[in-house]
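Taking it in order: structure first as structure tokens, then the write-up.
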Amino acid sequence: MKLIKYIILSCTVLLFVQCSDLSEEPYTFLSPNNYYNTGDELSTALTGVYDGYQRGFNGYYKYIMYLEVRTEFGSPAYAKDDVHLWNIWSDVNNADKMVITNWDDAYNIINRANLVIGRGEKVSMAETLKTRYFAEARFLRAATYYNLVRMFGGVPIPESFTEGLEGLNLPRKTVDETYAYLIEDLEYAEANLPKKSEYGQNDIWRASKGAAQALLGDVYLTRGSMTGDRAYFQKAKDYCFEVIKSVEYDLEPDFKDLWFWWNTNNKNGMESVFELQYGAVDDEYNNNHVMFGVNITEYTLGCYMYRRFGPSIQHYLSYSDTDTRKEGSFLTSYNVTEKGNPSNILETSEFVPEDKGFYPGSKGWKTASPGNLKFYDRTPESAALKKPQANSYVIRYADVLLDYAEAENELNGPAAAYFYVNKVRNRADLLDLPSGLSPEEFSDAIYRERGWEFVGEGLLYYDGLRTDRIGENVKNHVEWGNQQGIYMYVDAPLEFVPSKNFLFKIPQYDYDSNPELVQNPNNVSN
């Protein structure tokens, strides 16, 4: 009954926290019936939906780490949490060992969104603002279902919010039904959300029309990739083009300016379609600092770094030395300084690929991979408080451009798609792709470009899955690691080769909490 207790506790805690300064009634008498009565209360509840998504997906290190370490782009940097077993796809059909906990997190987000939508109907406030609140909640609910359906397949869809123990046992919908539901949410969001430029500066972080269009484009691209239906590719192209022609967004001229590490004024910039907000305070800091591949407490690097996961050495070596994303994305050296006197450098530590991940390396590197500095915070405040405040991107404009190019290539070949890929490459100081590529060669080029552009951002597992590259690429990657003698791959052959139809098992404790659930069948190695 863990899930039932979790949802009810989450609702109770959320309501208590939000109301504790508004009423002198004991919290034991607090209920949804005496809350959600004003626009301000509904706004606070909506913030809780954003907060749930922030904690449950892109802002939660295990979500990105658990998925990306299963691709050729990521690699275990340390054995903590058995990351070295995830990389070789070990024990994938054991529902008791599903360390990815997003099923619980997802239904917490969904229930918060349902509360806003359900209770908000009776709130007396400006209808236009209420409609916008509903659209924001539905955008976040759709984004949550999109993550769930790609990981688990069709899932239960509660039609209302949780008030007690009744109605919690729900059967799973089909994949098609789940997609239809989340697409309806996104269509509502697109119709009722403002453009990013129409928000005031204090609200620019909220879900916008462009975010809904971009997510619809990605959803339809996934549907097209998984089914081969050209109509889905056309919808993907159309929605991405709506974002492009809106001129609401553009690429940052300098790739480094995307990241708080290089530019502390980068939040919600021109390339940001939707990002999660963080601050250097309790329960609001970016928890992704635990996955960057370096285990150090050096003050000049900000908050301590863990070494559980990092970019793979193979992927790091695939970058051209002229690609500005290589320096912009990876931490490969740092100075150890005198405590209290950062100007006094005691030694320099450097990542050396030839060390093959054995640590400490020949130049003192303390982990099995380079560090990924995206989302990291090296400010003095981060060092003192141990609370990094870098934001996390959910959708960047570069993603929209590459999605558009991929859909166009699937429909009409690469001729009209070159411009959009080259725009991303040129920002990285790379030359245009060679002309005359076949649709298959162009598709491979986009896939590689996405790897160089988005490593560490939680997108690449899904790219490998939907394009059916994940099995062959993971197999080749692990074999390369074995042959090269890379530390985390020594005597660790691949145990399972995934296919594009791979689905995670529903975690056993969540499966046991709902007798209406049907568990996913065992996956078969490709």
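Here, each number is a calculation from the coordinates, and none is a lab measurement. Note that the structure is a prediction, hence the values are computed from the model and not measured. FYI the Cβ positions are ideal-geometry reconstructions off the backbone, even for glycines, and counts take in every protein chain you see.
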Check your understanding: Once phi is turned into θ = phi - 60°, what whole-Hz ³J(HN,Hα) does the Karplus curve with 6.51, -1.76 and 1.60 give for every residue of the stretch 253-264, x standing for Gly and Pro?
Key -> x, 10, 3, 4, 5, 6, 10, 4, 4, 9, 8, 6
Practice item. Treat each spin label as a single point 7 Å out from the Cα along the C-beta direction, and report the I204 to S246 distance in nm. Key: 1.5 nm
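How large is the dipole of the chain about the Cα centre if only Lys and Arg carry +1 and Asp and Glu carry -1, each at its Cβ, rounded to the nearest 20 debye? If you can, show how the numbers build up before the last one.
Working: 51 positive and 75 negative charges, 75 e Å.
The calculation lands at about 360 debye.
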Point to revise | From phi via Karplus (6.51, -1.76, 1.60), per-residue ³J(HN,Hα) for the stretch 133-143 in Hz, x at Gly/Pro | key: 4, 4, 5, 5, 5, 6, 4, 5, 5, 5, 4
Review point. In terms of modelled amide H atoms, which long-range or inter-chain residues lie less than 5 Å from the amide H of I296?
Key: M305
Review point. How far is the Cα center of the stretch 245-260 from the Cα center of the stretch 134-165, in Å?
Key: 30 Å
Check your understanding: Once both axes come from the Cα atoms, what is the angle between helix 175-192 and the longest principal axis of the chain, in degrees from 0 to 90, rounded to 10?
Key -> 80 degrees
Practice item. Return a whole-number percent for the relative contact order of the chain, with Cα pairs under 8 Å and 6 or more residues apart as the contact set. Key: 20 percent
Check your understanding: What list of ³J(HN,Hα) values in whole Hz, one per residue of the stretch 444-451 in order, does the Karplus curve 6.51 cos²θ - 1.76 cosθ + 1.60 (θ = phi - 60°) give from phi, with Gly and Pro shown as x?
Key -> 4, 5, 5, 4, 5, 4, 5, x
Point to revise | Cα-Cα over 22 Å, subset of K97/K374; K326/K363; K235/K505; K130/K237; K235/K374; K122/K196 | key: K97/K374; K235/K505; K130/K237; K235/K374; K122/K196
Point to revise | Other-chain or far-sequence residues with amide H under 5 Å of S75's (modelled H) | key: G310, S312
Check your understanding: What FRET efficiency, computed as 1/(1 + (r/R0)^6) with R0 = 51 Å and r the Cβ-Cβ distance, is obtained for K122 and T324, rounded to the nearest 0.05?
Key -> 0.45
Review point. Which far-off residues, 5 or more places away or on another chain, put their amide H under 5 Å from the one on F274, with H placed in the peptide plane?
Key: V394, I395
Check your understanding: Between the helical axis of 470-484 and the dominant principal axis of the chain, each derived from Cα atoms, what acute angle in degrees is found, rounded to the nearest 10?
Key -> 40 degrees
**Study point:** When the convex hull of its Cα atoms is projected in every direction, mean area for the stretch 211-324 (nm²)
**Key:** 10.4 nm²
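Just to confirm the filter: which GluC sites (Glu not before Pro) across the stretch 470-526 are DSSP coil and have at most 14 other Cβ within 10 angstrom of their Cβ? Could the numbers behind the result be given before it?
Working: sites: E472, E479, E495, E516; in loops: E495, E516.
Loop-located and lightly packed - E495, E516.
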Check your understanding: How much mean residue ellipticity at 222 nm does the chain get from its helices, if each DSSP H run of length 4 or more adds -39500 (n - 2.57) and you divide by all residues, to the nearest 500 deg cm²/dmol?
Key -> -14000 deg cm²/dmol
Review point. Gain in length, T47 to L431, computed as 0.36 nm per residue apart minus the alpha-carbon separation, to one decimal in nm?
Key: 133.9 nm
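Is the chain best put as rounded, prolate or oblate by its Cα gyration tensor, with a ≥ b ≥ c the root eigenvalues, rounded for a/c under 1.5, and otherwise prolate when a/b is larger than b/c, oblate when not?
Working: a/c = 1.40, a/b = 1.28, b/c = 1.10.
Judged from the Cα gyration tensor, the chain comes out rounded (a/c under 1.5).
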